[in-house]
Amino acid sequence: MQIILLCCCAGNSSAVPNTDSIRKTITVTYNNVSVDVVVDKPALSETDVLMVFHGTVLYDRNILQAANNTLDKFKSILDRKDMMIVSVAYPGEGMLLGDNIRHAEAALLWVKHKADEELGIRVKKIFLAGHSQGGYLVTMLNTLHPVNGVIANAPGPLNLVYRCSLEEKGKIKSSVFCARIREAHGYTETNADAYTERSLISFTTGYQSDILFVQGLSDSPIHMYTWPKFKQEVMDCSNCKQRLFVEMENAEHGALFKSPEARTAFNDFINSR
């Protein structure tokens, strides 16, 4: 297992250490991409960081509330009190699914390379955790940048070809995910690749960090239709760091926040890395 040690930014050694506890919303920028984050820092000048990513929010006016709610949910299951939590209020309104990966990436790179100086702290280890679409984003981020560990609860959408074809046939209610791809690229029957490339089933290799997947097996039928295939492809990966799965028979979409077993696995994963 490779441990990634993140160093302080150049020049931070002369900064006054910030030992105050804070909770505030700030706009961060990296590579000309800006995104709001909610920072919850303990009264320490050196800290590990848990970055958390909320599930789907239809309107961007609600993303700060979602980011705060998600921070509180993860904080409630995190046993450690010495970690800084950074909740990313990534946008989604008017975007094709997956385009907001650049905002998620900007937040991660800010934590890696700029948070030390801007917050007056020393960032040590970094972990990513996400629920639903947030799990989708942290899994994608794991193919781009190494951290100390990644946790994805019920990540998805797993298979947009399947989901959107059901919508096109009128078998399930229409979603903004499918409507936007259809407007940009046409129907699944004529351009399935446009849907596949934005599905999480296309991101099952190249994980740069150990990753824990938490999945309730009583999740929606659409999600569970592809889950076994997704899990098998991840298990078969030959160029990935360690992959771990925790599945619960009677749990649904929010399994990580409701199952004691999942909570224990979540904390054991972080504490062992």
Original post:
Among the residues of region 72-91, which ones are in contact with a His (Cβ under 9 Å, 6 or more places away or on another chain) and surrounded by 17 or more Cβ atoms within 10 Å (Cβ to Cβ)?
Top reply: K73, F74, S87, V88, A89, Y90
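Looking at the structure I just gave you, is E247 assigned to a loop (DSSP other than H, G, I, E, B), in the same structural domain as L58 (by TED's automatic domain parsing) and in contact (Cβ under 8 Å) with a residue 12 or more places away in the chain?
Here the answer is no, as E247 does not meet what is asked.
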**OP:** Might you let me know whether region 149-167 holds any residue that is in contact with a strand residue (DSSP E or B) (Cβ under 7 Å, 6 or more places away or on another chain), in a helix (DSSP H, G or I) and of a type in the set (S, T, N, Q)?
**Re:** no
Subject >> Residues located in region 112-140, provided they are under 17 Å from I201 (Cα atoms), outside any loop (DSSP other than H, G, I, E, B) and not aliphatic (A, V, I, L, M) >> reply: G130, H131, Q133, G134, G135, Y136, T139
**OP:** Residue by residue through region 168-206, note down the ones that are in a helix (DSSP H, G or I), charged (D, E, K, R) and more than 17 Å from Q133 (Cβ to Cβ).
**Re:** E168, R182, E183, D193
Original post:
With respect to V138, is the statement that it is at pLDDT 95 or above, buried (at least 19 other Cβ atoms within 10 Å of the Cβ) and out of contact with any Ser or Thr (no Cβ under 7 Å at 6 or more places or on another chain) true?
Top reply: yes
**OP:** Scan region 161-198 residue by residue and report those that are of a type in the set (K, R) and surrounded by fewer than 18 Cβ atoms within 10 Å (Cβ to Cβ).
**Re:** K169, K171, K173, R180
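This table checks each residue for (1) touching a residue at least 12 places away in the same chain (Cβ under 8 Å); (2) within 22 Å of F127 (Cα to Cα).
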| site | (1), (2) |
| --- | --- |
| I211 | yes, yes |
| I222 | yes, no |
| Y225 | yes, no |
| M235 | no, yes |
| N239 | yes, yes |
| R243 | yes, yes |
| A255 | yes, yes |
| N267 | yes, yes |
| N271 | yes, yes |
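Residue by residue, here is whether (1) surrounded by fewer than 16 Cβ atoms within 10 Å (Cβ to Cβ); (2) under 15 Å from the mean Cα position of the chain (by Cα) holds:
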residue: V28; (1), (2): no, no
residue: F53; (1), (2): no, yes
residue: T56; (1), (2): no, yes
residue: R61; (1), (2): yes, no
residue: A67; (1), (2): no, yes
Original post:
Since I121 meets every condition but one in (1) in contact with a Phe, Trp or Tyr (Cβ under 9 Å, 6 or more places away or on another chain); (2) in contact (Cβ under 8 Å) with a residue 40 or more places away in the chain; (3) not charged (D, E, K, R), which condition does it not meet?
Top reply: (1)
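Out of the strands (runs of 3 or more DSSP E) lying entirely within region 20-111, which hold 3 or more residues that are within 21 Å of F266 (Cα to Cα)?
33-41, 46-53, 83-89
The values are calculated or read from the model by the stated rules, or taken from the named source; none is laboratory data. All figures in this text were calculated on a predicted structure; none of them were measured in a lab. All Cβ positions, even for glycine, are placed from backbone atoms using ideal geometry, and neighbour counts span all protein chains on display.
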